Amino acid sequence: MSSMEYLNSMVSTGSLVFMFFTALFTTVGPVLAAILFYRRQKYYLGSVFTGAAVFILFQLVTRIPLIQLVLPGMDWYKETIQSNLWTYGLFLGFTAGLFEEVGRYL
C-alpha cells in the first residue's frame, strides 16, 4: 500500500472530532447531570446507580445479545423483521421499551 493510499484510507479529522465529542457528552454529560440534580434536589444518589445498573443489565446484557446472536438464526426474524427497514426500526424500539419497562418493574 502506498503512502497516498494509506492517507486516503484514514478516518477524517472531522469524524474524529465528532467521535470525541460524542464520547465526551455520553459519558461525562450524565455524570454532570446527576451531580447537578443532586446538589439542587438532594435526591437519593443510589437511584442514579440503580437506574444505570438496570439499563446495563436489561439492555447491554440481555436485549442486545438476544437481537445479535439468537434472533438472526430464526427464519421469521430474517423474513419479516430484517427485510423491512420500518418494521426493523419499530421492532428495535418496541424491544427497547419492553426490556426497559420490565427492568423498572422488577
TODO: Considering only residues that are loosely packed, with under 12 Cβ neighbours inside 10 Å and of a type outside the set (A, V, I, L, M, F, W, C), look in segment 61-82 and name the one that is nearest to residue 102 (Cα to Cα).
DONE: 65
TODO: Please find, among 95, 80, 87, the residue that is assigned by TED's automatic domain parsing to the domain that holds residue 56, part of a helix (DSSP H, G or I) and within 21 Å of residue 53 (Cα to Cα).
DONE: 95
Task: Conditions (1) more than 22 Å from residue 27 (Cα to Cα); (2) surrounded by 10 or more Cβ atoms within 10 Å (Cβ to Cβ); number of the one not met by residue 50 - done: (1)
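Listed residues 22, 13; which is within 17 Å of the chain's Cα centre (by Cα), of a type in the set (S, T, N, Q) and loosely packed, with under 11 Cβ neighbours inside 10 Å?
Working: 13 fails: within 17 Å of the chain's Cα centre (by Cα).
Among 22, 13, only 22 is within 17 Å of the chain's Cα centre (by Cα), of a type in the set (S, T, N, Q) and loosely packed, with under 11 Cβ neighbours inside 10 Å.
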Task: Residue under evaluation residue 60, criteria (1) assigned to a helix (DSSP H, G or I); (2) over 21 Å from the mean Cα position of the chain (by Cα), criterion not met - done: (2)
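The values are calculated or read from the model by the stated rules, or taken from the named source; none is laboratory data. Just so we're clear, the structure is a prediction, and the values are computed from it rather than from any experiment. Cβ sites come from the backbone with ideal geometry, for glycine too, and all protein chains shown count toward neighbours.
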